[in-house]
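Quick note: the coordinates plus some simple rules give every number you see, no bench work behind them. This structure is a prediction, so every number in the text was calculated from the model and none was measured. Here Cβ is always computed from backbone atoms with ideal geometry, including for glycine, and neighbour counts include all displayed protein chains.
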Amino acid sequence: MRSARSSRTGSTTGTLVATLVVVAVAGSLARANEALQTKVTRQGRVLQVRATLAADTPASTCFAVLVDFDRLEDFIPGLVSSDVLSAPGEPIVLRQVGDAKAAFFRVALDVTLAVKVHPPERIEFERLDGNLRRMQGDWTVAGDEHHCDIVYRADIEPAFWVPPLIGPRLMRNQVETQLEGLLQELHRRKTAGAAP
């Protein structure tokens, strides 16, 4: 299954996403935190997530990391699995399973998404199945060969009950943790690409 996924991923821009970032070098932590901003608001049952991050990594590398769908669980904290279910050449169908927690509340997330990739700057996703009633949004990448700015937008409605005061905190914790993992991977790939 892993080899089939690898060929699929290679045929659609190189690799996947889903989901997130922070620059992880010993002396760069303060700067990494400044590069990441997350806001979660609640409108009825819908959690609206808006996040931005900046990294001193080429925009092409940033996009490649986001579309590395079959490897996301390797560097995104809390993501248990990320699997492309569709056959090569078909529209991308992606299933992701993960854990989210805040204070005493913890929940397993399981969602299948329809994903549209628009290289080199946009990835759209929309819920097809799973324990989220609604999840739709996009990733946008801008920048040049030295720097990238990533914007993440998502509207998420769980199909299960979430305490009103916990929902935004739960989602913000999850998104920030995952974005920090994404930033670390961006830095790792930039460093690996610069090595002789």
task = May I ask you to compute the full-extension gain from D129 to A108, defined as 0.36 nm times their residue separation minus their alpha-carbon distance, rounded to one decimal in nm?
result = 6.1 nm
ask   = Based on the mean of other beta carbon atoms within 10 Å per residue, what is the order of 84-91, 126-133, most packed first?
value = 126-133, 84-91
message = I need the shape label for the stretch 88-194. Rule: rounded when a/c is under 1.5, else prolate if a/b > b/c, else oblate, with a, b, c from the alpha carbon gyration tensor.
response = oblate
key: Loop chymotrypsin sites (Phe, Trp or Tyr not before Pro), the stretch 115-196 (other Cβ atoms within 10 Å of the site Cβ: 15 or fewer; DSSP)   = F160, W161
request  = Report the full-extension gain for the segment A192 to R169: residue separation times 0.36 nm, less the Cα-Cα distance, to one decimal in nm.
outcome  = 4.8 nm
message = Place a point 7 Å from the Cα of H146 along the Cα-to-Cβ direction; which residues of the stretch 38-77 have their backbone N under 16 Å from it?
response = 55-60
ask   = Tell me, what is the FRET efficiency for H118 and W161 to the nearest 0.05, using R0 = 25 angstrom and their Cβ-Cβ distance as r?
value = 0.10
